[in-house]
Amino acid sequence: MRRPITKEAITKGDPFLLPKPLSYMKSEIKSAALSIWQDNWDNGETGRSTHDIVPRVSNKPVGWNREEIMFVTGQGPFPSYLHRFNLPTHDNCSCGEKGDLMHYATKCRFTLYWHFQTPAVSLKLQWLKNIPTNNLSRTRLRLLMRFICDENNLIVEDNN
């Protein structure tokens, strides 16, 4: 009596390697890339204020528009940001205070109409995280940022 072919293949056959499916390999590469990206994001030296608000990397878009991205990153027509590139000669608003995002969002007399309530120092990070998640705050933020962009000559007074 002859043994079944499958048993003979197991006992006498050559080893057979079944490669993993392409979808598995893609998933492994994506996972490794996201892990490296997250490690670089966690241990980097730049973007720390943004890291505080968005600590996890993702391939999925956050759904923010231009104004919201400027708010979260602090990169926009703010004298405190532009001064880093020596564009204005100082980092002050036309009203005399430091022209950063918090100033325009909470204190500046030129943006009074769009002001948010000034958060307590201990709650500032949570406040920054909440603004992009609240629809009413997002609308107000977009209007504030558009005003700053449109009226930049009023807000940034360069003493060249």
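The values are calculated or read from the model by the stated rules, or taken from the named source; none is laboratory data. None of these values were measured; they are calculated from a predicted model. We place every Cβ from the backbone using ideal geometry, glycine too, and count neighbours over all the protein chains shown. Side chains are part of the model used for accessible areas, which takes the heavy atoms of the whole protein and leaves out ligands, DNA and RNA. Shrake-Rupley method; radii C 1.70, N 1.55, O 1.52, S 1.80 Å.
Structure values in brief
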| item | result |
| --- | --- |
| Residue list for the range 110-128, restricted to those being open to solvent by 70 Å² or more (accessible area, probe 1.4 Å) and either basic (Lys, Arg) or in a loop (DSSP other than H, G, I, E, B) (or both) | GLN117, THR118, LYS124 |
| Neighbours by Cβ (under 9 Å, 6+ apart or cross-chain): first from the range 108-128, closer than 23 Å to ARG146 by Cα; second aliphatic (A, V, I, L, M) and part of a loop (DSSP other than H, G, I, E, B) | TRP127/ALA120 |
| Residue within the range 82-95 that is in a helix (DSSP H, G or I) and open to solvent by less than 90 Å² (accessible area, probe 1.4 Å) present | yes |
| Residue count, the range 24-80 (criterion: free of Cβ contacts under 8 Å to residues at least 60 places away in the same chain, assigned to a helix (DSSP H, G or I), closer than 19 Å to TRP127 by Cα and open to solvent by less than 30 Å² (accessible area, probe 1.4 Å)) | 1 |
| Within the range 130-142, tally of residues that are under 19 Å from GLN75 (Cβ atoms) and open to solvent by 70 Å² or more (accessible area, probe 1.4 Å) | 0 |
| Conditions (1) within 29 Å of THR133 (Cβ to Cβ); (2) open to solvent by 50 Å² or more (accessible area, probe 1.4 Å); (3) among the hydrophobic types (A, V, I, L, M, F, W, C); (4) modelled with pLDDT of 85 or more: number failed by ALA105 | (2) |
| Options SER122, SER137: the member that is of a type in the set (Ser, Thr, Tyr) and within 17 Å of PHE71 (Cα to Cα) | SER137 |
